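Just below is one structure, and these are the notes that go with it.
The values are calculated or read from the model by the stated rules, or taken from the named source; none is laboratory data. Predicted model only: the values in this text are computed from it and were never measured. Cβ atoms come from the backbone with ideal geometry, glycine included; neighbour counts cover every protein chain shown.
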Amino acid sequence: MSVPEGRSIINFAVAVIGWGKGGKTIAGTLARAGKKVAMIEQSDQMYGGTCINIACVPTKALIHSAEIRTSNDFNPEYFARSVERRDTLTGKMRDKNYAMLADLETVVVFTGRASFTRPTSLTVTAGDDVLELSADTILINNGSVPIIPDIAGAEIGGRIHTSTTLQHAPLPEHLIVVGGGHIGLEFASMFAMYGSEVTVLDKNSRPLPREDEDVAGEVVHGLQGSGVRIVSDANVHRIDQSEDCVTIQYVWNDQEQQVRGDAVLLALGRTPATEGLNLEAAGIDTTDRGAIKVDEYLRTNVEGIYALGDVNGGPQFTYISLDDNRIVTDQLLGEGKRSTEDRVAVPTTLFTTPPLSRVGITESEARAHGLNVKVAVKKVADIAAMPRPKIVGDPRGIIKFVVDAEMDLVLGAALHHVDSHEVINLIALAMRYNVTSTELKNSIFTHPSSTEALNEVLGMI
């Protein structure tokens, strides 16, 4: 795909860098509206974006395979079959995502690395081939990459992994997770169910420090019940690997400690993937943390250039990238009124087993802001009107609501139980449309379901 010297560059109405949720969705919308669109993706293994190839979908497929096991013995063969199932699923989704854009008459797919040459021009490099193109509008949607900490020996390869590479590594007998955030705890939970011994080294004073202690305590109790060992206040300063094992040196309680394992997962978050974009050539501003700086309409400081998804430094969730698409689509095809300020009660889920889902503020945050609130909290095992978790054999967890005492509106909720990732969406919707806790309490829900727990828990207020 080299361009001969003197040949003019290829012109498009829109160029999209990265096949993430926001980028691929808006590319299809604009193409169907008659716009000539260039979709640029650096790898044919990433058509469809991070979510379906290396993150949300494949990891949840592995978690599901772990959850349906009839035993918790160490079984590398079962794990290998689970990875095969994962790969089959992601392969089909990748092919479907490619066809959804490549089959559109006004979309041209380029597989290579994009780099700015001017505010309206890009080069796309694939090996020795270089293609030049220009676009009136450029959408940057190339996501994020794992953070590699400044720790001696923290180099990916061999027995040291990111959340991407660990999915295809041999099942470790002992996995050491560096980092106690969402990615670290999710993988810790999953690999423990596959029979691995798991140790989590977390620099925080306790896991999930942003959660109320009673909620975090239930999650930790569940993890420990699955065999996960969590070491808080652990400051890792060296990683050494040999042919037989990997050793981590860390400081705990002012004492030098070490732990040996078969594999290490570095799970210290992700950072915007701006390296190699040559943003300086386009004059695009970035934040101190390396994200592309945008306003509430996702516009960069350069006219015609937008940034969607993880690369703009916002919440790193696929559904946020999808909403970014709505905002930019409104800018390009609509009235231009939709913005990030419209987002209210955005839910999140940590996919441990059972999952922890939350929306809004915690009790601690409400008290710190001097709000007059009522709190309803109950362990799942004690909720009589919630047989669903007992039916599926996992009655662990806790449900907690924070409600405005005067207005009776839900300010926040934490759900740690079977199906919480579904129930939280109902609560978030209720919060957006000012449905009172009394209305939720008196609503009619299907039986037996996890949702009907709202009748009993909110009845405590």
If you scan segment 83-95, which residues turn out to be touching a helix residue (DSSP H, G or I) at 6+ places or on another chain (Cβ under 9 Å) and free of Cβ contacts under 8 Å to residues at least 60 places away in the same chain? Arg85, Asp87, Leu89, Thr90, Met93, Arg94
Candidate set: segment 368-390, residues that are farther than 19 Å from Glu452 by Cβ and surrounded by 14 or more Cβ atoms within 10 Å (Cβ to Cβ); chosen: the one nearest to the chain's Cα centre (by Cα): Val375
Please go through segment 289-300 and pick out each residue that is part of a loop (DSSP other than H, G, I, E, B) and either modelled with pLDDT under 95 or not acidic (Asp, Glu) (or both). Arg289, Gly290, Ala291, Lys293, Val294, Tyr297, Leu298, Thr300
Number of positions in segment 165-188 that are out of contact with any strand residue (DSSP E or B) (no Cβ under 7 Å at 6 or more places or on another chain) and within 13 Å of Thr59 (Cα to Cα): 4
Looking only at residues that are in contact (Cβ under 8 Å) with a residue 60 or more places away in the chain and not in a strand (DSSP E or B) in segment 222-251, which one is surrounded by the fewest Cβ atoms within 10 Å (Cβ to Cβ)? Gly225
Segment 341-356 residues that are buried (at least 22 other Cβ atoms within 10 Å of the Cβ), paired with ones that are part of a loop (DSSP other than H, G, I, E, B) and among the hydrophobic types (A, V, I, L, M, F, W, C) (beta carbon under 6 Å, 6 or more apart): Pro354/Val418
If we keep only residues of segment 316-340 that are part of a loop (DSSP other than H, G, I, E, B) and touching a strand residue (DSSP E or B) at 6+ places or on another chain (Cβ under 8 Å), then the residue surrounded by the most Cβ atoms within 10 Å (Cβ to Cβ) is Gln316
Is it the case that Asp288 is free of Cβ contacts under 8 Å to residues at least 12 places away in the same chain and within 30 Å of Pro119 (Cα to Cα)? yes
Selection within segment 19-68 - among the basic types (Lys, Arg) and under 23 Å from Asp87 (Cα atoms): Lys21, Lys24, Lys60
Would you mind stating whether Gly179 is touching a residue at least 24 places away in the same chain (Cβ under 8 Å), farther than 17 Å from His416 by Cα and surrounded by fewer than 22 Cβ atoms within 10 Å (Cβ to Cβ)? no
Out of curiosity, is Thr123 surrounded by fewer than 21 Cβ atoms within 10 Å (Cβ to Cβ), over 20 Å from Thr199 (Cα atoms) and of a type in the set (Val, Ile, Thr)? yes
Given (1) in contact with a helix residue (DSSP H, G or I) (Cβ under 8 Å, 6 or more places away or on another chain); (2) hydrophobic (A, V, I, L, M, F, W, C); (3) not in a loop (DSSP other than H, G, I, E, B), where does Trp19 come up short, assuming only one miss? (3)
Spot the failing condition for Thr274; the list is (1) out of contact with any Leu (no Cβ under 9 Å at 6 or more places or on another chain); (2) surrounded by 17 or more Cβ atoms within 10 Å (Cβ to Cβ); (3) part of a strand (DSSP E or B), and only one is missed. (3)
Would you point out which residue out of Leu166, Leu175 is among the aliphatic types (A, V, I, L, M) and not in a strand (DSSP E or B)? Leu166
One residue from Glu105, Glu84, Glu67 being more than 26 Å from the chain's Cα centre (by Cα) and surrounded by fewer than 19 Cβ atoms within 10 Å (Cβ to Cβ): Glu105
Please list, ordered by residue number, the helices (runs of 4 or more DSSP H) wholly in segment 350-459 having 3 or more residues that are at pLDDT 95 or above and not basic (Lys, Arg). 363-368, 420-432, 437-441, 453-457
Tell me, please, whether a residue that is out of contact with any Pro (no Cβ under 7 Å at 6 or more places or on another chain), under 24 Å from Val14 (Cα atoms), modelled with pLDDT under 95 and not β-branched (Val, Ile, Thr) can be found in segment 46-60. no
